[in-house]
């Protein structure tokens, strides 16, 4: 179910100007997201938590959106991942991520994805 989607704004430039480097990144992505032992949905929840811990607003939102749209990840599943963020990264990272989640849940397009 994993698609070739990269959230970095620089990736389109790399793909166009440095196709060899882009292919290496694609191969690394495929090697990381194998779903061999931990399924892809769990890996996506880990990615959400990592970005939440780093307090990267844009990446948090993008990971949540793709997780909900591609994998049907629910609000409660995301909150379970964010509970770990609260414990390990602290309240500011946690509350920022919760705010992003609830803002997404107000979007009618996102609501359709998670029903």
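Let's see how each residue does on (1) modelled with pLDDT of 95 or more; (2) out of contact with any helix residue (DSSP H, G or I) (no Cβ under 8 Å at 6 or more places or on another chain):
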residue	(1), (2)
33	no, no
37	no, yes
87	yes, yes
101	yes, no
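Restricting to the range 37-75, name every residue that is surrounded by fewer than 21 Cβ atoms within 10 Å (Cβ to Cβ), in contact (Cβ under 8 Å) with a residue 40 or more places away in the chain and under 9 Å from the mean Cα position of the chain (by Cα).
59, 61, 62, 65, 66, listed by residue number.
Does residue 82 qualify as being modelled with pLDDT of 95 or more and either more than 17 Å from residue 41 (Cβ to Cβ) or under 10 Å from the mean Cα position of the chain (by Cα) (or both)?
no
Select from the range 76-85 the residues that are surrounded by 14 or more Cβ atoms within 10 Å (Cβ to Cβ) and out of contact with any helix residue (DSSP H, G or I) (no Cβ under 9 Å at 6 or more places or on another chain) and list them in ascending order.
none
If you scan the range 89-99, which residues turn out to be without any contact (Cβ under 8 Å) to a residue 40 or more places away in the chain and in contact with a helix residue (DSSP H, G or I) (Cβ under 7 Å, 6 or more places away or on another chain)? Don't jump to the end; show me each part of the working.
Taking the range 89-99 first, the residues without any contact (Cβ under 8 Å) to a residue 40 or more places away in the chain are 89-92, 95, 98-99.
Scanning the range 89-99 gives 89, 98.
Residue by residue through the range 65-74, note down the ones that are assigned to a helix (DSSP H, G or I) and touching a helix residue (DSSP H, G or I) at 6+ places or on another chain (Cβ under 6 Å).
67, 68, 69, 71
Determine which member of the set 42, 37 is under 27 Å from residue 93 (Cα atoms) and either assigned to a helix (DSSP H, G or I) or out of contact with any strand residue (DSSP E or B) (no Cβ under 7 Å at 6 or more places or on another chain) (or both).
Sole residue among the options that is under 27 Å from residue 93 (Cα atoms) and either assigned to a helix (DSSP H, G or I) or out of contact with any strand residue (DSSP E or B) (no Cβ under 7 Å at 6 or more places or on another chain) (or both): 42.
Right, residue 60: outside any helix (DSSP H, G or I) and under 15 Å from residue 101 (Cα atoms) or not?
no
The values are calculated or read from the model by the stated rules, or taken from the named source; none is laboratory data. Small disclaimer: the values here were computed from a predicted structure and weren't measured. All Cβ positions, even for glycine, are placed from backbone atoms using ideal geometry, and neighbour counts span all protein chains on display.
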